[in-house]
1. Please go through region 42-57 and give me each residue that is out of contact with any Pro (no Cβ under 7 Å at 6 or more places or on another chain) and not β-branched (Val, Ile, Thr), ordered by number.
2. Identify, by number, the condition in (1) out of contact with any strand residue (DSSP E or B) (no Cβ under 8 Å at 6 or more places or on another chain); (2) touching a residue at least 12 places away in the same chain (Cβ under 8 Å); (3) closer than 23 Å to Ile182 by Cα; (4) surrounded by fewer than 20 Cβ atoms within 10 Å (Cβ to Cβ) that Arg74 doesn't meet.
3. I need the full set of residues from region 79-123 which are small (Gly, Ala, Ser) and either modelled with pLDDT of 95 or more or in a helix (DSSP H, G or I) (or both), in order please.
4. Quick check on region 179-223: of everything there that is of a type in the set (A, V, I, L, M), modelled with pLDDT under 95 and assigned to a loop (DSSP other than H, G, I, E, B), which residue is nearest to Arg144 (Cα to Cα)?
5. Criterion first (under 23 Å from Asp168 (Cα atoms), buried (at least 23 other Cβ atoms within 10 Å of the Cβ) and not aromatic (Phe, Trp, Tyr)) does Leu137 satisfy it?
6. Working only within region 135-193, note down all residues that are basic (Lys, Arg) and within 14 Å of Gly88 (Cβ to Cβ).
Amino acid sequence: MSALVARISVERASKRFSSGSVTVFEELDLAVRDREALCILGPSGCGKTTLLRSMHGLVPLDAGRIVIDGAEVRAPRRNVAMVFQHFGLMPWKRVRENVAYGLELAGLPKATVDERVERYIELVGLRGFERSYPNQLSGGMQQRAGLARALAVEPDILLMDEPFGSLDALTREILQDELLRIYQLAPRTMVFITHSIEEAIAMGDRILVLSARPARVRELLQVDIPRPRTVAGVIAHPRFIPLRDHCWRLLRERAA
């Protein structure tokens, strides 16, 4: 599939809460390309997470539609995986069982499940912790396990809801570099919600800046920093500061 083909199309999408009295986003239009990493920035409460959940088929829209690969989203799809901010691990399952969960749910053969679980635990750096429970892991290790679980189903599309937002600064940068490395090994369509301008620039091919509620597209920016990337390399790039300042002005002007 061409890099210019839209994998996800958001068409005049609107969502309301509190019996219709609060509109979080309204007539939102967006196209996410094949193998593109799109980061979404916007003020708190503008519906970023709701939009992502709607893409996953977990939250129905009140108007408009979301289309993935030509079919309207009405329920979760097997080729789409989501990584949540608070890990989403089942505390009664060990790391290996958590990573295997989606594969077993899909009814894959045991040999396939075992091979993928081993491969993706290795990929995210959790070798040796397969038999650990989530409460025996640090926050960063829990997020690695959540990422391995999402990657193990080998989705075409990865939806990430502030996956590193609750981590300390050092762990966050380490996992940002890990995700950049994994993305370089196997590029896929990714929508990444964040409150961090620096993270959006490091992770994204483009950045969507949303307005305050009801959210609309404020601007869609191209991140013209070549891949492969590291966080340190992005921050040192001459385009970093102009991009950061531009995003900050967009967010600050709307907040004011």
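The values are calculated or read from the model by the stated rules, or taken from the named source; none is laboratory data. All figures in this text were calculated on a predicted structure; none of them were measured in a lab. Counting neighbours? That spans all protein chains shown, and the Cβs are built from the backbone with ideal geometry, glycine included.
1. Hits for region 42-57 are Gly42, Pro43, Ser44, Gly45, Cys46, Gly47, Lys48, Leu51, Leu52, Arg53, Ser54, Met55.
2. It is condition (3) that Arg74 fails.
3. Within region 79-123, Ala100, Gly102, Ala111 meet the criteria.
4. The selected residue is Ala186.
5. Considered against the rule, which asks whether it is under 23 Å from Asp168 (Cα atoms), buried (at least 23 other Cβ atoms within 10 Å of the Cβ) and not aromatic (Phe, Trp, Tyr), Leu137 comes out as no.
6. Listed by number, the residues that qualify are Arg144, Arg149.
Here's the yes/no breakdown for (1) touching a Gly at 6+ places or on another chain (Cβ under 9 Å); (2) farther than 26 Å from Arg77 by Cα; (3) crowded, with 16+ Cβ neighbours inside 10 Å:
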| site | (1), (2), (3) |
| --- | --- |
| Ala100 | no, no, yes |
| Ala111 | no, no, no |
| Gly146 | yes, no, yes |
| Ala152 | yes, no, yes |
| Ile157 | no, no, yes |
| Asp161 | no, no, yes |
| Phe164 | yes, no, yes |
